Amino acid sequence: MKINIIGAGIGGLTAAIALEKKGHQVELFDAAAALRPIGAGIIMASNAMQIARRLGFADGIVQAGNVLDYFGVADHLGRPLQMMNIQAIRAKFGEPSVAIHRGQLQQVLLQQLPNTTIHLNKRLQSIQQVPGGKVIAFFEDGSQGESDLLIGADGLRSATRKAIFGEKPLRYSSHTCWRGIIEHQFEAHHEAKELWAKTGGKRVAMIQVAPNKVYFYYTEKHKPGFKVSTTDQLSYLQAQFREFPPMYTEVITKAKNSEIFHDDLYDLKPLAKWHQDRVMLLGDAAHATTPNMGQGGCQAIEDAWYLAEYLERYNNVSEAFAAYEQFRRPKVNFVVNTSFMLGKISNLGGSLGHRLRNWVLSATPKKMGERQMEALFRLS
């Protein structure tokens, strides 16, 4: 089949790889003027790496990123509250969890698509499904693309979702977030640890994604729209980091104002459907999640693999789409809802709130955490 994909991010590129391996003809359309290696960091957890192995690019991710041995949550002094030894997960499922620069991950994916047509500066305007089983995508520049199927992998504010379902309200997490890449090398570079301050909603992490490259993120609880001028971001972060060990204040001084990204965090309440006739949503376009479980990109990669599998398994597109949704919905709803809940727990602060919050995390039985991890990382 001829399949057009709207969005050339992690989900769209992985879908193109998976679908081409099944023999489909794929074209990608992206609103960006160029596919530049920008962005901050991302963790490719074991479930995403298992898919990457099946599709042939797992080694490229390992070589471009940093394999992790531990990740979890610590208090404002860095004392572990809930840390997971993910070497056991690696032993069980055969793949590590890897921290990597988003731009590097994008390059790894693009290397798998040397002959795939990628159209840039293409902002989707509308979609028309015509008799005979064709889908026409109309773009703002007056061009159009025809295909047998259309996949919308165009993110949280998906134009594809709007075209088939109209406006769907986003859900504000109560958090705003700063993130970026800093030139630095940690001695203990195989650990991803998120520190929770006494002040509710304040969290920070610094994770090695490559030699001399650290991905940092920092959240605060605010009403939507909170702003700090670009020129003042670094000094603002330095002041806020005083609630954490001195190392965090020292490392953040190496950041560059122009390379710090700031945005509010939203997710999408579960949709009743992800598809309409021959148009299917994928990744954040279908089930955007807050980043509290580190699974947004991973779930998009799972989507890509399973969608290609279900299209091969069923001769009828409608049956394939319905079965795919039924299979994927329980897991992604678990991720979206659990991630949103974790954000709310992190908001507990003050003299009593942070103690209660920390006790809940530290008192969670290790076996329970391990079982949840295994359920998250297990693939069929």
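The values are calculated or read from the model by the stated rules, or taken from the named source; none is laboratory data. These numbers were taken from a predicted model, which means no experiment stands behind them. Cβ placement follows ideal geometry from the backbone for every residue including glycine, while neighbour counts extend to all protein chains displayed. SASA here: full protein model, heavy atoms, side chains in, ligands and nucleic acids out. Shrake-Rupley method; radii C 1.70, N 1.55, O 1.52, S 1.80 Å.
Within the chain, what whole-number % of the accessible surface is contributed by carbon and sulfur, with the 1.4 Å probe and all protein chains included in the calculation?
Numbers: 8410 of 16630 Å².
In the chain, the share of accessible area belonging to carbon and sulfur is 51 percent.
Which ³J(HN,Hα) values, rounded to whole Hz and listed in residue order, are derived for the range 163-173 from phi using the Karplus coefficients 6.51, -1.76 and 1.60 in 6.51 cos²θ - 1.76 cosθ + 1.60 with θ = phi - 60°, glycine and proline given as x?
5, 9, 10, x, 5, 10, x, 8, 10, 6, 7
Relative to the longest principal Cα axis of the chain, at what angle does helix 366-377 sit, 0 to 90 degrees, rounded to 10?
20 degrees
Per residue, how much accessible surface does the chain expose to a 1.4 Å probe? Answer in Å², no decimals.
Working: 16630 Å² over 380 residues.
Here the per-residue accessible area is 44 Å².
Report the charge-dipole magnitude of the range 199-268 in Debye, nearest 20, computed about the Cα centre from +1 at each Lys and Arg Cβ and -1 at each Asp and Glu Cβ. Mind showing how you got there, number by number?
On the way: 9 positive and 8 negative charges, 23 e Å.
So the magnitude is around 120 debye.
Provide the gained length on full extension for the span Phe186 to Tyr236, in nm with one decimal, where the gain is 0.36 nm per separating residue minus the Cα-Cα distance. Provide the component values of the computation, followed by the final result.
On the way: separation 50, 0.36 × 50 = 18.00 nm, distance 2.33 nm.
That pair, Phe186 and Tyr236, stretches by 15.7 nm at full extension.
What percent does the relative contact order of the range 33-93 come to when contacts are Cα pairs within less than 8 Å and at least six residues apart? Present the calculation step by step, with values, prior to reporting the outcome.
Working: 35 pairs, mean separation 15.0, N = 61.
So the answer I get is 25 percent.
Holding the Cα-Cα limit at 27 Å, pick out from Lys193/Lys256; Lys202/Lys273; Lys269/Lys344; Lys92/Lys202; Lys193/Lys221 the pairs that are longer than that.
Details: Lys193/Lys256 22 Å; Lys202/Lys273 35 Å; Lys269/Lys344 15 Å; Lys92/Lys202 34 Å; Lys193/Lys221 20 Å.
Check vs 27 Å cut-off fails for Lys202/Lys273; Lys92/Lys202.
Considering all alpha-carbon pairs of the range 24-103, what whole percent are spaced by more than 21 angstrom?
Details: 1421 of 3160 pairs.
Above the 21 Å cut-off, the range 24-103 has 45 percent of its Cα pairs.
Based on the alpha-carbon gyration tensor of the range 6-48 and its eigenvalue square roots a ≥ b ≥ c, which shape applies: rounded if a/c is under 1.5, prolate if not and a/b is larger than b/c, or oblate?
It comes out oblate by the Cα gyration axes.
Multiply the residue separation of Ala88 and Lys168 by 0.36 nm, subtract the distance between their alpha-carbon atoms, and state the gained length in nm to one decimal. Please list the in-between numbers first.
Details: separation 80, 0.36 × 80 = 28.80 nm, distance 4.01 nm.
Fully extending the segment from Ala88 to Lys168 adds 24.8 nm.
Which value in nm describes the separation of the simple spin-label points at Asp263 and Leu342, placed 7 Å from the Cα toward the beta carbon?
Here the answer is 1.9 nm between the modelled labels.
From the phi of every residue in the range 201-207, what ³J(HN,Hα) in whole Hz does the Karplus formula 6.51 cos²θ - 1.76 cosθ + 1.60 yield, where θ is phi - 60° and glycine or proline is x?
Per residue, the Karplus-derived 3J(HN,Hα) values read x, 8, 9, 9, 9, 9, 10 Hz.
Give me the net charge of Lys273's neighbourhood, meaning all other residues with Cβ under 14 Å from the Cβ of Lys273; Lys, Arg count +1, Asp, Glu -1. All intermediate terms of the calculation are to be shown ahead of the outcome.
Details: positive: Arg161, Lys168, Lys269, Arg278, Arg328, Arg329; negative: Asp277, Glu325.
Net charge in that neighbourhood comes out at +4.
In the calculated pair distance distribution of the range 222-304, what percentage of Cα-Cα distances lie above 20 Å?
Working: 1900 of 3403 pairs.
So the pairs more than 20 Å apart make up 56 percent of the total in the range 222-304.
Go through the range 12-18 residue by residue and turn each phi into a ³J(HN,Hα) via Karplus (6.51, -1.76, 1.60, θ = phi - 60°); whole Hz please, and just put x for glycine and proline.
x, 5, 5, 4, 4, 4, 5
Using just the helices of the chain, give the 222 nm mean residue ellipticity in deg cm²/dmol: DSSP H runs with n ≥ 4 each add -39,500 (n - 2.57), and the total is spread over all residues, rounded to 500.
Numbers: 13 runs with 145 residues, N = 380.
Roughly -11500 deg cm²/dmol at 222 nm, from the helical runs in the chain.
Along each of the three principal axes of the Cα atoms of the range 260-380, give the extent in whole Å, ordering the values from largest to smallest.
59, 35, 28
Looking at the chain only, what percent of DSSP beta bridges run antiparallel? Nearest 5 please. Walk me through the intermediate numbers first.
Numbers: 50 of 70 bridges.
So the antiparallel bridges amount to about 70 percent of the total.
Can you give the local net charge around Ala16? Use residues other than it whose beta-carbon is closer than 14 angstrom to its beta-carbon, Lys and Arg +1, Asp and Glu -1.
Numbers: positive: Lys2, Lys21, Lys22; negative: Glu20, Glu27, Asp30, Asp154, Asp303.
Counting the neighbours of Ala16, the net charge comes to -2.
Taking the highest mean first, how do the peptides 146-156, 130-140 order by number of other beta carbon atoms within 10 angstrom per residue?
Working: 146-156: 23.9, 130-140: 14.3.
Highest-to-lowest ranking by the protection proxy: 146-156, 130-140.
Rounded to the nearest 0.05, what FRET efficiency is calculated for Lys223 and Ala363 with R0 set to 45 Å and r the Cβ-Cβ distance?
Values: r = 32 Å, r/R0 = 0.70.
Once rounded, the FRET efficiency stands at 0.90.
Compute the distance in nm between two label points, each set 7 Å from the Cα along the Cα-to-Cβ direction, one at Asn333 and one at Ala33.
A separation of 4.3 nm, rounded to one decimal place.
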